[in-house]
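Only the coordinates and a few stated rules stand behind these numbers; no lab work does. Bear in mind that the values here come from a model prediction, so they are computed numbers and not experimental data. Glycine gets a Cβ as well: all are built from the backbone with ideal geometry, and neighbour counts include every protein chain shown.
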Amino acid sequence: MALLKTMPPLWRECLSSAFRLALACTIVGCVTLFAPSSISTLVPFPAFSYLTAILIIVNLATFGDALRESCLAFYVTLHTVVLAMFSLWLLGIRCLSKVATAVVVTVAAFVVVLPWPHSAHLIAKRLALGQIVVVYVVAYDNGVHTDPLMHPLGLAASTTLGVLASVVALLLPYPRLACSQMNESSKLLTKNILKRLKLLIKVICEEDKATAIGLISHTKSLVTKRTKLLSMITLYQEGMKWEMLPMKIFRPHCLSLKERLEEVETNLRGMELALTCTDAFPINILNQDLKDVLNSLEEHVTLTLKQAKQGLRGGSLTVPESNAKDITHFLQSLHTLPRTHQELHIFFVLFCAKLLYRTPLTQTPTCAQDNSKNENSLEGKEKWANWIARLRNTDFIPAIKFSLSLGLTVFMGLVYSKENGIWAGLSVAVSYVSGREATFRAANVKAHGTVLGTVYGVLGCLVCESLVTLRFLSLFPWFIFTSSLQRSQMYGPAGAISAVIGAILILGRKNYGPPSEFAMARIVDTFIGLSCSIFVDLIFWPKRASTCAKMELSQCLATLGECIESLSLGETDFGEKQRRLKMQVNELKKFVVEAEVEPNFWFLPFDSVCYDKVLGSLSKVVDLLWFGEHALKFLQQEFQRCGAYEKEDVKMLDGELEHVKELICSWIKNLEEISRMKFVEKNDNPCDLEAGKSSEWNMVSGLGEDGIEQTIGCFLQWSTIVADNLNGDEGDKELKSQVVLSLSALGFCLCACMRGTIEIEEAFLTNVTGN
């Protein structure tokens, strides 16, 4: 145990995953290989028991995940077994032919992968698809010797063995709990947040420009670790709900820690954006009061994060009131807006600091159970109407494509070999994904993984030909290797799972014939399955990732224009459009990642450099719009409270905001039109930008730095007038400071959006000119 603690975290994770996978496979192997025949005959499909255990454990599973997958596995098994019994009795075993088996598998697979409302988890769908393949292909293979009752029940017993083995493996020698994993990730994320906050404060207070830029680079390196930690916390959150199901009283506290850290993280990201948007170091308006308040803020956030963790353990920690008073006093003393847009970034930092200071780290947010109660309160007719509406909007094409590829795979596998045709279908079924994937890359890594695992299995049989126990033990080093393979960029989870399955199906079973012949059959069947998947993907409704990225980019620009148009001091639906833009940008990221590994064939090469630049600008604008929404909400509430909408200065400010919006939206509209021409392959079009024949770039070119300064300067002038007049009426220092910070944040967001639009234009222009 002491040796494990001294190992690097990655090695510990690999060894832990390998040990638990080996334990689960050992349990399955002991029952199927070494148990009395009276017990082993109850599990006629040991290969599927291995597959079940591997699918549940291999993706960094916890005990909560295993409980969830177990319930889902029993759920889908019940449906599959009952429907299999009924269909085999209705159709009759004699009626099953190659074509009929493929048709039945196609129809059943379509029903499983159809995106129903409240549909099952991905692992459950993979298990259901694998069960469908085993039930009907083996029934066709055995012919009249198939018992319509005992055959599906034997598959259910095999699935149950794999599920129980995975649950036991995640409990021994100590439980791998999602709670403990999430707490560990939360500690690392807290350290990451505090370290970045400390670095950002150093950047603000730094006198040397080179040192400040170096500190910003260091902060960016920590952002990568932050992204990974957030994804890990999200991964463990669902499993933690299942572990804490009997202890509902603790669930809101544990789940709220992630929400609190994410809110702190968002505000911290705003400070990073402000400092990366400028190179004006040292900051001229910096004074000793600002340095002191920033240091107090760092101490305040550190103590409140510790208090949040102590609250989860039932402890107590008091935040000194002196820090809170220092921060509040300074923020209330900000009564003057910046005069130029170059000074906006430090005011935006203070705006984020105020949000960070007011983050309710010590309060328990409302539990998600309230939402579930509201959902449960819907009448039956409303639920039915929502279900029908969602079903109408569902895209059936992915379900049709996958079911056709699985049916074609089963047919071609049976044509190649009636005895081993099952492996072609299983190779496709257990690798099902709910969304898009890079088809050719996925097929490549799956083929490599299958060959690697199969070759290792054959070599293991040659070395340990007569000793089944030693042959089985030789799997443990392979589990360690594939565990590290799973975390590699080259193979990933898909290649690792294929490698594990390829070895376990040879070394973990007996009475399947010569290993070399079975290995060749497995490799050929895998090739058949992957080829059918690629064939269906290319022939039926082909949609390349690069094409999807081109279409999604145009939609992102259109939604961005709608977001900018919704910026208003009055009531607006800006928040909903901003969230839709964020979702579209995330989709664009997925398409770009897939397109980068997609082969070009006879198509034009995908310009990943251009897309990466555009993505960077869009992501930055999305984050800034979130802060702009917060600033607008406060201004709307305050103007409505004091009846300032009827005042002339507020009307003039709103008019200036409209002017800035029109300017930005005109740029975005032109960029949207150019993106449609630029990214649609029309080589015969005389206005094709890729051929350099369009003259519309001059229409898009903006005002430049001088134009931005003049436009934002006018906005700041009217903002100053509004803030002064509001203070004259109310005489509230705290109110004026909040208005000043909100108007400054809104001005910074507008300025950053203008610069982001210019960056997108420059990315387009670089792509066209080839510079």
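How many nm separate the modelled label positions at L15 and R579, each set 7 Å beyond the Cα in the direction of the Cβ?
Roughly 4.5 nm, to one decimal.
Put a dot 7 Å past each Cα toward the Cβ at E263 and E648; how far apart are the dots in nm?
Label at E648, label at E263, 4.2 nm between them.
Distance between Cα centroids, the range 159-225 to the range 36-65: provide it in whole Å.
The two parts, judged by their Cα centres, are 32 Å apart.
Write down the Å³ per residue value for the convex hull defined by the alpha carbon atoms of the range 423-486. Could the numbers behind the result be given before it?
Details: hull volume 6.8 nm³, N = 64.
Convex hull volume per residue, Cα atoms: 106 Å³.
Any chance you could run the full-extension gain for C71 through K241? It's 0.36 nm times the residue separation minus the Cα-Cα distance, nm to one decimal.
Details: separation 170, 0.36 × 170 = 61.20 nm, distance 1.37 nm.
So the chain would gain 59.8 nm between C71 and K241.
Using a Förster radius of 56 Å, what is the FRET efficiency between H145 and K669 based on their Cβ-Cβ separation? Nearest 0.05, please. Walk me through the numbers on the way to the answer.
Details: r = 69 Å, r/R0 = 1.24.
For R0 = 56 Å, the calculated efficiency reads 0.20.
Rank by packing, highest mean first: peptides 156-163, 653-660, 124-131, 208-215, with packing defined as the count of other Cβ atoms within 10 Å averaged across residues. Present the calculation step by step, with values, prior to reporting the outcome.
Values: 156-163: 23.2, 653-660: 17.5, 124-131: 25.0, 208-215: 14.6.
Per-residue Cβ counts within 10 Å, averaged per peptide and sorted highest first, yield 124-131, 156-163, 653-660, 208-215.
Provide the gained length on full extension for the span L78 to V99, in nm with one decimal, where the gain is 0.36 nm per separating residue minus the Cα-Cα distance. Spell out each step's value before the answer.
Numbers: separation 21, 0.36 × 21 = 7.56 nm, distance 2.61 nm.
That pair, L78 and V99, stretches by 5.0 nm at full extension.
How far apart, in nm, are two points set 7 Å out from the Cα along the Cα-to-Cβ line at Y174 and at E709?
If labels sit at Y174 and E709, their model points lie 6.2 nm apart.
Give me C532, C548, C14 sorted ascending by neighbouring Cβ count inside 10 Å, so fewest comes first. Walk me through the numbers on the way to the answer.
Details: C532 24, C548 18, C14 21.
Ranking C532, C548, C14 by Cβ neighbours within 10 Å, fewest first, gives C548, C14, C532.
Relative to the present Cα-Cα distance, how much length would full extension add between V597 and T224 at 0.36 nm per residue of separation? Intermediate values should be presented prior to the final figure.
Details: separation 373, 0.36 × 373 = 134.28 nm, distance 2.14 nm.
The V597-T224 span can extend by a further 132.1 nm.
Does the range 393-449 come out rounded, prolate or oblate by the C-alpha gyration tensor, with a ≥ b ≥ c the root eigenvalues, rounded set by a/c under 1.5 and, if not, prolate when a/b is larger than b/c and oblate if not?
Because a/c hits 1.5 or more and a/b fails to exceed b/c, the range 393-449 counts as oblate.
Can you figure out the FRET efficiency of A210 with L42, using R₀ = 60 Å and their beta-carbon distance, to the nearest 0.05? Could the numbers behind the result be given before it?
Details: r = 72 Å, r/R0 = 1.20.
The value I calculate is 0.25.
Can you sort Y491, Y512 so the residue with the fewest Cβ neighbours within 10 Å comes first?
Numbers: Y491 22, Y512 15.
With the sparsest Cβ surroundings first, the list reads Y512, Y491.
Assuming R0 = 30 Å, can you tell me the calculated FRET efficiency for the pair V415 and K510, based on Cβ-Cβ distance, to the nearest 0.05? The partial results should precede the final answer.
Working: r = 28 Å, r/R0 = 0.92.
According to the calculation, E is roughly 0.60.
Could you list T336, T26 so that the one with the fewest beta carbons within 10 Å of its beta carbon is first and the one with the most is last?
Fewest-to-most ranking of T336, T26: T336, T26.
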